[in-house]
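Presented below is the structure to which this report refers.
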Amino acid sequence: MSKSLMATAQAPANIAFIKYWGKKDSGLRLPANDSISMNLGGINTTTTVEFDAQLLADEVIINGQPADERAYGRVVKFLDKIRQLASQDLKAKVTSQNSFPTGAGLASSASGFAALALAAVSALQLELSERELSQLARQGSGSACRSIPDGFAYWKTADNSVDSFAYSLHSADHWAISDVIALVDQSEKSTSSTDGHKSALTSPFFKTRIEEYLPTQLEKVKTALTQRNFKDFGQAIEEEALNLHAICLTSKPPAIYWNSATLSIIHSIRIWREEGLEAYFTIDAGPNVHVLVETKNAERLKTKLTELPEVEEVLIAQSAVGARVLS
Ligand code: DP6
C-alpha cells in the first residue's frame, strides 16, 4: 500500500525592518537589495497539502473558500516547481488557514508561501535544508523566504537563485520587542506589492536608495539588533519606512499606500515619544501601521492606539520561530 503523501505546516508572517522593494529578476523573485525582518508570533498560516493520484487538477482552499483565479494560478505555478523538484506529477489538495482576520490588510503571502513550501516538500518527503527551503519559498513570494528561519532574519540578494535565501540573524528570544499593529483599513490594497516592485525601479530616487542609502542602513539595523539598542533601532526603521514610501510616492505610476488614519497614527507616535513612550513605526505596502516597542510597553501602547478613533483593531505580535511541520 502506498504511503499517504500529506503534511501540515505552519509559518509566521514577518515584518521587514529593511524592506524588500524592487526586483532584479521578477520570475525568480531576486530582490534588488538585502532585507531584514522579524517573524510575527500568532500571525500565521497553517497549510495542509495532500498529493493524490485521484485528483485531475489541483484544489486550493484558502480560509474555507476556493481560492480566486489569481491566487489559484500562483499556487499551481508554485506546486509545479515542487513537482519538478520531486520528478513527479501528482495533483494536490491545498487547504490553508490564516490565524489573522481575513482581509485585515495584513500581507498573507509571506506566511502563506512559507507554509505551503514546507507542507508540500514534507508531503513529498523531499529532504531540503533550511537554506534550500528558503530559496524555494522565495519563488512563491519574495518575503516568504524570511518566514522560514527563526526569529530575526536576513535575506541576501544575489545574481542567481541558489544564493538568494534568508537565514536567522538571531533566535526569537534574542530580544523582547513587539510589533503592535494598528489596523486601519481591512480592505484589499489598491496597488499589489507585486506591481509596486515593478514600478519602484522608475523612481528617480531608486538608484540612490540601493547604492548609497541601504548599505549603511542595513548595517545600522543589524548593529542595533545585535546590541539590542532600541533607540538606534527605532530611528533606523522609521527612516527606512519613510525612505520606502518616498520611492512609492515618486514611482510611475505613483503608489500612495497611506490614508489619513496612517498619517494621524504617525503623528500620535511622535507625540507619545516626546511624552516618554519609546515607540517607532514602520509601514508596508498598505495603510496599516506597525509600531515597534519593547515588550514591556506593548499593552500600554495597544491601549493608546485602541483609543484613536481611526484605528479599527490592534494586534500584538512578539518575535517568533520560523516555519514548522505540524504533522
Ligand atoms: C512592502 O513579498 O509580497 O512588504 O515577491 O511580489 O510576492 P512578491 O512581493 P512581497 O513584497 C513585500 C513587500 C513589503 C516589504 C517587505 O516585506 O520586505
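Nothing in this text is a laboratory measurement; each read-out follows from the coordinates by a stated rule. Keep in mind it's a predicted model, so treat the numbers as computed, not measured. Every residue, glycine among them, receives a Cβ derived from its backbone with ideal geometry; neighbour counts consider all protein chains shown.
Worth a mention:
- Here the chain is treated as a Stokes sphere of Kirkwood radius computed over C-alpha pairs; at 10 °C and 1.306 mPa s its diffusion coefficient rounds to 79 µm²/s.
- Across the chain, Cα pairs under 8 Å and at least six residues apart give a relative contact order of 25 percent.
- Listed by chain and number, the aspartates and glutamates whose C-alpha is less than 16 Å from the C-alpha of Lys156, apart from same-chain residues fewer than 8 away, are Asp25, Asp34, Glu130, Glu132, Glu211, Glu219.
- With contacts taken as Cα pairs under 8 Å and at least 6 residues apart, the stretch 3-174 reaches a relative contact order of 29 percent.
- With neighbour counts taken as other beta-carbon atoms within 10 Å, the residues Glu310, Glu274 rank, fewest first, as Glu274, Glu310.
- Sorted largest first, the spans of the alpha carbon positions of the stretch 177-318 along the three principal axes are 41, 37, 24 Å.
- Neighbour net charge for Gln227 - beta-carbon separation under 13 angstrom, K R +1, D E -1: +2
- Virtual paramagnetic centre 7 Å along Cα→Cβ of Ser161, amide N under 12 Å, in the stretch 133-153: 135-140
- Per-residue ellipticity at 222 nm from helix content only, as computed over the chain with -39500 (n - 2.57) for each DSSP H run of at least four residues, stands at -11000 deg cm²/dmol.
- Over every Cα atom in the stretch 3-174, the radius of gyration and the widest Cα-Cα span, Dmax, amount to 15.1, 47 Å.
- Residue by residue, the stretch 7-23 carries 3J(HN,Hα) couplings of 8, 10, 9, 10, 9, x, 6, 9, 10, 8, 8, 10, 8, 8, 8, x, 10 Hz when phi is fed to the Karplus relation 6.51 cos²θ - 1.76 cosθ + 1.60 (θ = phi - 60°); x denotes Gly or Pro.
- Global geometry of the stretch 156-215, whether rounded, prolate or oblate, following the gyration tensor of its Cα atoms and the 1.5 cut on a/c: oblate
- GNM top mover of Ser129, Ser178, Ser168 - the chain, alpha-carbon springs below 10 Å: Ser129
- In sequence order, the stretch 127-140 has phi-based couplings of 8, 10, 6, 4, 5, 5, 5, 5, 4, 5, 4, 3, 6, x Hz under the Karplus curve 6.51 cos²θ - 1.76 cosθ + 1.60, θ = phi - 60°, and Gly or Pro positions carry x.
- For Glu310, neighbours were defined as the other residues whose beta-carbon sits under 14 Å from its Cβ, and their charges (Lys and Arg +1, Asp and Glu -1) total -3.
- Between the stretch 18-34 and the stretch 217-280, the Cα center-to-center distance that results, in Å: 21 Å
- Highest average packing first - 9-16, 74-81, 232-239, Cβ atoms within 10 Å: 9-16, 232-239, 74-81
- Between the stretch 283-327 and the stretch 139-173, the alpha-carbon centres lie 22 Å apart.
- Note that the stretch 57-64 has calculated 3J(HN,Hα) couplings of 8, 5, 10, 10, 10, 10, 6, x Hz, one per residue in order, obtained from phi through the Karplus relation 6.51 cos²θ - 1.76 cosθ + 1.60 (θ = phi - 60°); glycine and proline are x.
- For Ala153, the residues whose modelled amide H falls within less than 5 Å of its own, excluding neighbours fewer than 5 places apart on the same chain, are Ser37, Met38, Asn39, Leu169.
- Were the residues from Arg70 through Ser260 laid out at 0.36 nm apart, the gain over their Cα-Cα distance would be 65.4 nm.
- Comparing Tyr280, Tyr20, Tyr257 in a Gaussian network model of the chain where C-alpha atoms under 10 Å apart are linked, the largest mean-square fluctuation is found at Tyr257.
- Summed residue charge, Cβ within 10 Å of Gln139's Cβ, Lys/Arg positive, Asp/Glu negative: +4
- Amide H partners (placed H, <5 Å) of Asp58, local residues excluded: Ala92
- At most 15 other Cβ within 10 Å, DSSP loop - GluC sites (Glu not before Pro), the stretch 35-143: Glu127
- A Gaussian network model of the chain, with springs between Cα atoms under 10 Å, assigns the largest mean-square fluctuation among Ile18, Ile283, Ile82 to Ile82.
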